[in-house]
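The values are calculated or read from the model by the stated rules, or taken from the named source; none is laboratory data. Everything numeric in this text was worked out from a predicted model, so none of it was measured. Counting neighbours? That spans all protein chains shown, and the Cβs are built from the backbone with ideal geometry, glycine included. Accessible surface is based on the protein model in full, side chains and every heavy atom, while ligands, DNA and RNA are left aside. Shrake-Rupley method; radii C 1.70, N 1.55, O 1.52, S 1.80 Å.
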Amino acid sequence: MDLLDWHHGRLSSRRLAVLVRHLPRDSALLKELHGEAAEWSLTDYLLANVIDRLAEANWMFAMVNRDEDSEPLDYPEPVPRPGQPSDPGESPHGTSGDSLPSLQEIQRFLS
């Protein structure tokens, strides 16, 4: 299938929108639009939350059972998730001024 088919009228806008809407998770368009988040499923997010809670529970257990004279332990850092800045001052979308169209803008263009 060629995108020029849509331009030449051999592919309807509705059919093109359906094809775009149902692209696989590893497609180039979804990776470009959503970055690493396109590769993360609900299960991945849930597992990251479980890891974070387990690390917090271990930290609490260690803090309660430590010697009173010892230094307190550092709070555990959460598992990095896609779209979240690694540094507190960094914006979630990076520092580049290039803005990609949103999925809604693409769908409006195709309809």
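Once the Cβ-Cβ distance of LYS31 and HIS8 is raised to the sixth power relative to R0 = 30 Å, the FRET efficiency obtained is 0.60. Modelled label positions at SER102 and GLU56, each set 7 Å beyond Cα in the direction of Cβ, lie 2.9 nm from each other. Of the residues TYR45, TYR75, ranked by 1.4 Å probe accessible area with the largest first, the sequence reads TYR75, TYR45. Computed packing ranks the peptides 2-14, 25-37 as 25-37, 2-14, most packed first, by mean other Cβ atoms within 10 Å.
When you count the other C-beta atoms within 10 angstrom of each residue and take the mean per peptide, 67-73, 18-24 line up highest first as 18-24, 67-73.
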